[in-house]
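Right, one structure below, let's go through it.
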Amino acid sequence: MLKIKNLHAKVEGLKILKGINLEINAGEVHAIMGPNGSGKSTLSSVIAGKEEYEVTRGEIIFEGEELTEFDAEERAHKGVFLSFQYPVEIPGVTVTNFMRTVINANRKAKGLEDMPANEMLKKIREKSELLEIDRKFLSRSLNEGFSGGEKKRNEIFQMAMLEPKLSILDETDSGLDIDALRIVANGVNKLKRPDNATLVITHYQRLLDYIIPDFVHVMLDGKIVKSGGKELAYELEEKGYDWIKEEVGA
Amino acid sequence: MELKDKLLSSFLAFEENVDMNSDIHEIRSQAIKDFEEMGFPTKKQEAWKYTSLNKVLKHDYTVFPKKEDTIEYRDVEKYFIDDIDTYKIVFIDGIYSSHLSATTHEKIDACLMSSALNSSKYKPIIDNYFNTVAPKESLTSLNTAFSREGAFINIPKNTMADKPIQVINFSTGNESALMVQPRNLVVVGENSHVQIIERHQSLTDHPVLTNSVTEIYADKRAIVDYYKIQNDNHSASLIDNTFIEQHRESFCSVHTFSFGGNLTRNNLNFYQKGERIDSTLKGITVIGGKQHVDHNTLVHHIEPNCESHQDYKGVFAEASTGVFNGKIIVNKEAQKTNAFQSNNNILLDDKATINSKPQLEIFADDVKCSHGCTIGQLDDDALFYLRSRGIPLKEARALLMYAFANNVLESVKIPELKARITKIIAQKLGVNVGYSL
């Protein structure tokens, strides 16, 4: 589904990604772990199409197409979804209305008519139950005054509504208490299908107790330096990142 | 003939045509003299530095429309807030339209200035309040000299107006260019409450110049909420002079929604004559083309323990220009004043301009005054967030501008009005409103 080859990227003139290689197939869950500043969040923003991040070398192939040719919204239409570490507040636009705007923008891109109101409401109800979101929450302004947990839950709710092919969860566990973490992870697991894939970006192993990855990659200084199965996450939790740094001579 | 000369020479003819109330006659005569002396304001004056009336004044305006015109309600329905029950005071080319209006004299008076000026019943109110709040300034004096018609709203003490009052001024295309000068007086007694929605709407592409004066007197513990919808078409210019005198523990708010028109100048002055007064001034401006909107505000803190809150937001596209000139005066006696002022702007294009100027004159030493002004573009991270959800760039920008302006709406107390303004903003910004926001 996704093939990243020798990806290099700059942010404000600084080289952040220095040759990433990664392949994700349908049905798989991948986790990228790494210390702060290793480039994890940059990678997720580059895949999702943040304009300020400049790809200088390499390619990102998604379902056979070069993603860097497309704007952020076009990538979304193709089925790429990024759950933000810091979702943006949009005062005056309720969660429900934002969802309508988003769903219909994606339908329009596919040449479809707006989703009928009753169908939309049904879908919103169904998906909000999955994330244990109550009705009152849906009529609040998007992310405005939301707690950390509410913001993240709302991100996964959007993911559930959009049903993307590739979901990238950027530090979705940060700022979550254990209950919110369980709800969010439970939502992600229920959305898992043989035809979609998930990339979890995280600092801590904690989230991976709930979302079990098929592959774990360690990122250091803009490169993936080690890959393995889920047991690699436990090893990192126990021993930290220093042994890997030594192992790869960084 | 210059507009000034035309106005001066038509004053005698005007006076012959109105009923003579001797007191008012004196006030008018003095006012025309004052105007003659002062003339129209020019850019040389500090308060008019960024707004020139030259272009607006050069048209050959008819100052007294001869022909009366009628309008069918169904043709102008969209300019009313029609989904709630309201009193309506409606004028067409400056002349009262009884068939579009719904006035009252029952618990409150929501009626005509012309009848108030000429009836003995209202003489005490006119004597006490008419032309007492408005200061002697050229445009105000000009309006006073020709004051004949407008809204007269009188809320006796301990009375809650049972529904909002809409004051709507239509102008038609009967004259090739028209100048109108509505004069409104709002007197709100002790412990009383009223909500007013005001709108000026031109129905023609001919130039229209409105020089409006509104005096508001809020007695002790009165609550006054005043909303101005400025969404006129591009050939209409508006100079709105609104003066509010507040007394002890009263709450007054004025919201100004500026979306249309050619040149719009808002002179909004609050005078706090008592303790524990709260004054709120809010505005949203969304304009483009060559439109110009100028907010010139004054809050004069005269007594101790009062508050004022100013929050103006503007979105300026293309070659539009904005001015925010916010003056706060805190007298020496006005200790424990809390005065806040904020003016935030987004410029969408290189040719758009905003001149933002806070003026604080503080003579008391124990006060909290703050002012903040920002001029910026849209946030890239926020745009990326929306686009990553599949919202195209243009819509994403519009949605962010909408969100930027939106919090000014929170204090609007009439839900139907809030919904209407929201809709106008969304349309202005090109946000898809396939649903009710």
#### Entry: Positive-end extreme of charge dipole, the range B:381-437 - chosen from B:Gln427, B:Met401, B:Leu383 (charges on Cβ)
B:Gln427
### Rounded, prolate or oblate (a/c below 1.5 giving rounded, otherwise prolate when a/b exceeds b/c) for the range B:3-273 by Cα gyration tensor
rounded
### Summary
Computed for chain A: size of charge dipole around the Cα centre, +1 on C-beta of each Lys and Arg, -1 on C-beta of each Asp and Glu, debye to nearest 20, value 440
### Task
For peptide A:87-96, compute the average count of partner chain beta-carbon atoms within 10 Å of each residue's beta-carbon.
6
### Task
Tell me which residues come under 5 Å, amide H to amide H, from B:Thr264 once H is placed; ignore anything under 5 positions away on its chain.
B:Leu238, B:His292, B:Val293, B:Asp294
### Message
Under the rule of at least 5 residues apart or a separate chain, name every residue whose amide H is placed under 5 Å from the amide H of A:Gly58.
### Response
A:His8
### Task
Mind checking which of A:Val248, A:His217, A:Val200 is farthest towards the positive end of the range A:108-250's charge dipole, using Cβ charges of +1 (Lys, Arg) and -1 (Asp, Glu) about the Cα centre?
A:Val200
### Query
Computed FRET efficiency, Cβ-Cβ of B:Ile95 and B:Ser370, R0 35 Å: what is it to the nearest 0.05?
0.15
### Distant-in-sequence amide H partners of B:Ile92 (H built 1.01 Å from N, under 5 Å)
B:Ser97, B:Phe170
### Task
Let me know the shape class of the range A:24-69, please: from the alpha-carbon gyration tensor, a ≥ b ≥ c as square roots of the eigenvalues, rounded when a/c is under 1.5, otherwise prolate if a/b is greater than b/c, or oblate.
oblate
### Query
How many partner chain Cβ atoms sit within 10 Å of a residue's Cβ in peptide A:104-112, on average, as a whole number?
3
### Message
With both bridge residues required to lie in chain B, what share of the DSSP beta bridges run antiparallel, to the nearest 5%?
### Response
5
### Query
Tell me, what ³J(HN,Hα) does each residue in the range B:213-228 have, in order and in whole Hz, if you take phi through Karplus 6.51 cos²θ - 1.76 cosθ + 1.60 with θ = phi - 60° and put x for Gly and Pro?
10, 10, 10, 10, 10, 10, 6, 3, 6, 6, 10, 10, 10, 10, 10, 10
### Query
What aspartates and glutamates sit close enough to B:Lys107 to cross-link, taking a C-alpha to C-alpha distance under 18 Å and skipping anything fewer than 8 places away on the same chain?
B:Asp85, B:Asp162, B:Glu190, B:Asp219
### Residue-by-residue Karplus 3J(HN,Hα) for the range B:351-356, coefficients 6.51, -1.76, 1.60, Hz, glycine and proline x
8, 6, 9, 9, 10, 10
### Task
Pop a pseudo-label 7 angstrom from the Cα along the beta-carbon direction at both B:Phe14 and B:Gln377 and give the gap in nm to one decimal.
4.9
### Summary
Output row, site A:Tyr86, 7 Å Cα→C-beta label point, backbone N cut-off 19 Å, window the range B:353-381, residues B:376-381
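Which order do the peptides B:336-349, B:101-114, B:303-316 come out in when sorted by mean C-beta neighbours inside 10 angstrom, highest first?
Order by mean packing, descending: B:303-316, B:336-349, B:101-114.
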### Query
Expressed as a fraction of 2.2 N^0.38 Å, the rule-of-thumb size for a compact globular protein of N residues, what is the C-alpha radius of gyration of the protein assembly as shown?
1.17
### Task
State the answer as a single residue: which of A:Gly49, A:Phe98, A:Leu2 lies farthest towards the positive end of the charge dipole of chain A, with beta carbon charges of +1 for Lys and Arg and -1 for Asp and Glu, about the Cα centre.
A:Phe98
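Can you bin the range B:120-208 into rounded, prolate or oblate? Criterion: square roots of the alpha carbon gyration tensor eigenvalues sorted a ≥ b ≥ c, rounded for a/c under 1.5, prolate for a/b above b/c, oblate for the rest.
The shape class here is oblate.
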#### Entry: Set of aspartates and glutamates with alpha-carbon distance to B:Lys55 below 15 Å, sequence-local pairs under 8 removed
B:Glu2
### Task
Using only alpha carbons, build the gyration tensor for the range A:125-226 and give me the equivalent ellipsoid semi-axes, biggest first, whole Å.
25, 16, 12
### Query
Under a point-charge model restricted to the Cβ atoms of Lys and Arg (+1) and Asp and Glu (-1), what is the dipole moment magnitude of chain B relative to its Cα centre, in debye to the nearest 20?
760
### Task
Taking the Cα centre of the protein assembly as shown as origin, work out the dipole magnitude from +1 charges on Lys and Arg Cβ and -1 charges on Asp and Glu Cβ, in debye rounded to 20.
340
### Task
Using the Karplus curve 6.51 cos²θ - 1.76 cosθ + 1.60 with θ = phi - 60°, work out ³J(HN,Hα) for each residue of the range B:360-373 in order, rounded to whole Hz, and write x for Gly and Pro.
10, 10, 10, 10, 9, 9, 10, 9, 10, 10, 9, 9, x, 9
### Message
Filter B:Lys123/B:Lys327; B:Lys43/B:Lys290; A:Lys136/A:Lys230; B:Lys78/B:Lys327 down to the pairs with a C-alpha to C-alpha distance above 27 Å, please.
### Response
B:Lys123/B:Lys327; A:Lys136/A:Lys230; B:Lys78/B:Lys327
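Values quoted throughout were computed directly from the atomic coordinates according to the rules given, and no laboratory measurement underlies them. Bear in mind the structure is a predicted one, so any value in this text is a computation, not a measurement. As a convention, Cβ positions derive from the backbone with ideal geometry for all residues, glycine included, and neighbour counts pool all protein chains shown.
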